[in-house]
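The values are calculated or read from the model by the stated rules, or taken from the named source; none is laboratory data. Worth saying up front: this structure is predicted, and the values here are computed from it rather than measured. Counting neighbours? That spans all protein chains shown, and the Cβs are built from the backbone with ideal geometry, glycine included. SASA here: full protein model, heavy atoms, side chains in, ligands and nucleic acids out. Shrake-Rupley method; radii C 1.70, N 1.55, O 1.52, S 1.80 Å.
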Amino acid sequence: MIPVSAWPQAGQVSTDSRMGWADMLQFYRPPRRPGYHVPVGISRDRHPAQAAARTDTRHMDKHSPSGERHLAVMNEIARIASGDLELRPMLKRVTEALYKHFGWEFIAFASVDTAGGRFVCEAVRSEVPTAVEVGFTRPLGRGIVGEVATSGRPAVYDDVRQSPRYIETTPGVRSEVCVPIRHSGEVIALLNIESTKAGDFHGQLPILETLAEQLAGAIESARLYEALLEHAVLNEVMSEVSRIAMEPLALDELLQRIADYINTHFPQCAPSIMLLDDAGGHFVLEVFASNAPLPPPAGEWSVDAGVTGRCARTGEPQHVEDVSREPDYLPRLAGMRAEYVAPIRYRGRMLGVLNLETASPHGFTPHARQVFSSITEQIAGAVEGARLDAALREHARVMEMLSNLSRLATQSDDLHALLRKITDYLATELKVAVVSVLLLDEECTRFVIETMSGSLTLGTPNDSEWLIDTGVCGRCARTGEPQLVYADGSDPDYVSGHQEILSEYVVPIRYHDRLLGVLNLESKRRDSFTSQVQSLCRAVADQVAGIIHLALVNRDLMETNRVVEERTRELAEANDKLKRANLELHRISSYDALTGVPNRRRLDEVLAHEWRWAKRTGRQLTFMLADLDHFKALNDSHGHLRGDECLRLVAELADAGVGEV
């Protein structure tokens, strides 16, 4: 499991991305008209190789400084993409590489949050003062960058003053280019470059589009990698808070431990846990992190005031991105910028809220909010368990059993084996004849998995598939409510599985609003399922629901990991192809196609090397030139095919006599 301390900020993860050599050649295109929106088009050639070859012939000068610079920057960016797994560091290195090769004053990458209707800066490199920093955000559709994010078309402006959408964030900017980064037809990120020089991006759009294509796969792969990290963090946080919640502590001490845990692992947050009275009209207890006490709000501590009160009244999470613009915000600590309040709810009943405030300009990311909301589920169970402890002496036993169930959840990755461990444990601890866990199919119409433990063995109704319209277990699945029945009663849904069974208690296993299955317990005694035992069984069912959900999440994680490994192999193969293509291109560009001997470019390379060697060692260097007399007459009299044959023969003789140049 990945430790929480190693968890990066949201959006900081990435994987590798590569492209074919023929695709890289597409950046050699004629410059576009200034101020013209250039859509990403499709080559008129029938095959990508034709487009690459045509572009190479028309526009690529292998000896020109710009051509070599383009090849160098593309190769460097490919190395960067293959060397970084985190998105923001990788994009930061790309901005540095672009600055090194082109010297543009402002280079930034932004991710597109379509669901949130905004773009977010992930990396920026600026030689001039700018308001843009990592985490800077703006709604989609605003500014040139927002327009490109919405339209999906690149934009080039020789003079940004020509654009009515331009919003100044960097003083002195005259020209700008913004290129969308697409994956599977969706704009996932943006490359934005600005310059203080007018018309500084003539002819640069093709290479930037090629760069966008090269980075698209890396950014999209980062989503998979980020999902892995997020699930790992969620699993660890849930497991640790669950472990804390299961300790036999007094309510205040229990909540203190959770608040300290949150503050330790999320140090930018000032957390507090606030509990309601029975009527739900006032907060009666607040526990905050030991090193960050929050002063109580002014006036009556009622749910009618503050963002926390609004959360308690509505039962919905409250996210305030800018507390200075929130009329309900009650300032308690100086310098706070954002607040997130999550309801603590137990079986639909409001117990309190988890309140978090931060001075970070990045606020609370969607994943952080998901983690905190998940924590509230564990807090809710802890609060209810602690309150039951005040009235029931069996609280310690409940918490011990839940703790053992959590421990069992870490001992097996196989769902069937995990459920068997759970039923074996419950049958022993509860001292009942039969304990079984029945899981539903996706449509919640029949039971598809049953794990059973105990001293008796029960049969499946009808000895075939078990639909939920049969038996007490089926009624529990249909209604979502616990069911207590007796064998000597007249319940029409009761189906006797064994003549020694006298009572049966069935509890729904529910994770959030999703019904996963039922926990079925059957006893040889009629008085086994007292109110205390029923309460215990319901708590166990809630814990089992979380365990089953985590087991399913782990199964999905393994599948995601398999996909990532497969993509990694594919990227490695693509990189190998790129290397081979690079070597082949160098060979083609260094040898004459007709004769097969080294050409002028190869001569220049070798001559420069040999000249330095001769100068360094003081040895003589011989340079021979030869000319074919009457070659034109040979072509005129015998034709060009004979002339070509003559050149090949002469080249073979020269190569055999002199050796490789």
**Complete:** The local net charge around I468, scoring Lys/Arg +1 and Asp/Glu -1 for residues other than I468 whose Cβ lies under 9 Å from its Cβ, equals +2
**Asked** Amide H neighbours of V495 under 5 Å, counting only residues 5+ apart in sequence or on other chains, H built in-plane at 1.01 Å?
**Response** V472
**Message:** Spelling out what I want: for every residue of region 273-281, take phi, set θ = phi - 60°, compute 6.51 cos²θ - 1.76 cosθ + 1.60 (Karplus), and round to whole Hz; glycine and proline get x.
**Reply:** 10, 10, 9, 8, 6, 4, 7, x, x
**Request:** Can you pull the one-decimal nm distance between simple spin-label points at E400 and R153, each 7 Å off the Cα toward Cβ?
**Result:** 7.2
**Request:** Highest first, please rank the peptides 484-490, 209-215 by the mean number of other Cβ atoms sitting within 10 Å of their residues.
**Result:** 209-215, 484-490
**Asked** In nm, to one decimal, how far is the modelled label at D278 from the one at R538, with both set 7 Å along Cα→Cβ?
**Response** 1.6
**Item:** Tail fraction, Cα-Cα pairs, region 503-661, threshold 23 Å, whole percent
**Value:** 71
**Prompt:** So, with a 1.4 angstrom probe, what is the percent of accessible area on the chain that is carbon and sulfur?
**Reply:** 51
**Prompt:** Over 28 Å between Cα atoms, which of K100/K615; K197/K579; K100/K579; K197/K577 qualify?
**Reply:** K100/K615; K197/K579; K197/K577
**Prompt:** Scanning the chain for helices, which whole DSSP H stretches are 15 Å or more long along the axis (Cα) and average -1.0 or more by Kyte-Doolittle?
**Reply:** 65-83, 87-102, 205-245, 251-265, 366-391, 395-409, 415-430, 531-590, 640-658
**Asked** So how do 68-80, 424-436 stack up, highest first, on mean other-Cβ count within 10 Å?
**Response** 424-436, 68-80
**Asked** Which FRET efficiency value, to the nearest 0.05, is calculated for R601 and D556 with the Förster distance at 45 angstrom and r the Cβ-Cβ distance?
**Response** 0.25
**Total formal charge among the other residues, if their Cβ is under 11 angstrom from that of S523, Lys/Arg +1 and Asp/Glu -1** = 0
**Request:** Go through 117-124, 402-409, 413-420 and give me the packing order, highest mean Cβ count within 10 Å leading.
**Result:** 117-124, 402-409, 413-420
**Listed candidates (1) 227; (2) 254; (3) 183 - label of the one calculated as volume of the Cα convex hull per residue in Å³** = (2)
**Prompt:** What list of ³J(HN,Hα) values in whole Hz, one per residue of region 346-351 in order, does the Karplus curve 6.51 cos²θ - 1.76 cosθ + 1.60 (θ = phi - 60°) give from phi, with Gly and Pro shown as x?
**Reply:** 10, 6, x, 9, 6, 9
**Fill in**
Amide H contacts under 5 Å for A123, restricted to residues at least 5 apart in sequence or on another chain and with H modeled in the peptide plane, are F109
**Request:** For L502, enumerate residues with amide H under 5 Å from its amide H, sequence gap 5+ or separate chain, H modeled in the peptide plane.
**Result:** S523, K524, R525
**Inter-label distance, nm, simple model (7 Å from Cα along the C-beta direction), T137/D629** = 8.3
**Prompt:** Full extension from E186 to E68: what is 0.36 nm times the residue separation minus their Cα-Cα distance, to one decimal in nm?
**Reply:** 39.3 nm
**Rg to Rh quotient for region 420-511, alpha carbon positions, Kirkwood Rh** = 0.93
**Prompt:** When the Cα centres of region 94-139 and region 146-205 are compared, how far apart do they sit, in Å?
**Reply:** 11
**Item:** Separation of alpha-carbon centers, region 561-611 and region 348-377, rounded to whole Å
**Value:** 53
**Request:** Add +1 for every Lys or Arg and -1 for every Asp or Glu among the other residues with Cβ under 14 Å from the Cβ of S163, and state the total.
**Result:** -1
**Prompt:** Is any residue of region 543-565 close enough, with backbone N under 17 Å, to a label point placed 7 angstrom from the Cα of R510 along the Cα-Cβ axis, and if so, which?
**Reply:** 543-549
